[in-house]
1. Going by the alpha-carbon gyration tensor, a ≥ b ≥ c the square roots of its eigenvalues, is the stretch 46-85 rounded (a/c under 1.5) or, if a/c is not under 1.5, prolate (a/b greater than b/c) versus oblate?
2. Net charge within 11 Å of Glu178 by Cβ-Cβ distance, Lys/Arg positive one each and Asp/Glu negative one each, not counting Glu178 itself?
3. I want the antiparallel fraction of DSSP beta bridges within the chain, as a percent rounded to 5.
4. Hey, quick one: spin label on Glu22, modelled 7 Å out along Cα-Cβ, who in the stretch 233-253 has an amide N within reach, i.e. under 19 Å?
5. Among all the aspartates and glutamates, which ones have a C-alpha under 20 Å from Lys181's C-alpha, if same-chain residues fewer than 8 places away are not counted?
6. Relative contact order for the chain: what percent, with Cα pairs under 8 Å and sequence separation of 6 or more?
7. Name the GluC sites (Glu not before Pro) in the stretch 172-252 that are in a loop by DSSP and that have at most 16 other C-beta atoms within 10 Å, would you?
8. What is the distance, in nm, between label points placed 7 Å from the Cα along the Cα-to-Cβ direction at Glu235 and at Leu155?
Amino acid sequence: MKVTLLGTGTSQGVPVIGCNCEVCRSVDYRDNRLRVSVHLQVNGKSFIIDSGPDFRQQALRERIRTLDALIFTHEHKDHTAGLDDIRAYNFSQHKDMPLYGEERVLEQLKREFAYIFSGVQYPGIPRVDLNPIAEEPFEIEGVEFIPIRVKHYKLPVLGFRVGDFTYITDANFISEEEMDKVRGSKVIVLGALRKEPHISHFSLQEAIDVLTELKPEKAYLTHISHLMGLHHEVEQQLPDFIRLGYDGLQIQL
């Protein structure tokens, strides 16, 4: 399996519009963060989890020429706004794009992208195939995905485990039962917004505590805001097995 972090930023991305902090002014490429998304290449198949506003730019940067399915963690705009750009894969692959998400997430997509689902099919609109998922494991093209139920303040969100890899972004609570689904993962990518506590995201220390309990061989932090601090400075404060993720980081399992 090859994992590529397409974006590691929070909903505003980094740099933030109008901000003049040292992180937003940084010339370190690792401090420039598009909205959060990940690309999985498993057994010759290609999957993306979440299509945020930067989806097109990310797919072009990583030269993702084929896509077998798009999976959603939840319905927030920074995870769904780029859906229209799957049209390119419709054209090149000559098929509808399979979308996987919880019922309420798919219903939200129907409202926000109403033109895709209207009775009048305008030429060139995205073509999609909706596939509802819940908390039970499911397969796409022979690859098993195990949903991990987490809480994003009061909103239920899904993370996913695929083989020895687990991906969880927007969360500030994971029950013991769901933690058990993650245990044994060799690599975990987990959201950590900033150093200070936040109402709906793990802070840096909270994410470290979760990962220390889970004990993966390697862990990477994602969904990072400019308030976290400079990449090279924060990395020096982390346990050896935890690194900050950055856009374009590739992980081989």
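The values are calculated or read from the model by the stated rules, or taken from the named source; none is laboratory data. None of these values were measured; they are calculated from a predicted model. No Cβ is skipped: glycine too gets one built from the backbone with ideal geometry, and neighbour counts run over all protein chains shown. Protein only, heavy atoms only, side chains kept; ligands, DNA and RNA dropped before computing areas. Shrake-Rupley method; radii C 1.70, N 1.55, O 1.52, S 1.80 Å.
1. oblate
2. Local charge sum for Glu178: +1.
3. Among the beta bridges of the chain, antiparallel pairing accounts for roughly 55 percent.
4. 233-238, 244
5. The reachable aspartates and glutamates, counting only those whose Cα sits under 20 Å from Lys181, are Glu102, Glu135, Glu136, Glu139, Glu144, Asp164, Asp170, Glu206, Asp209, Glu213, Glu217.
6. 20 percent
7. The qualifying sites are Glu217.
8. So the label points at Glu235 and Leu155 sit 3.0 nm apart.
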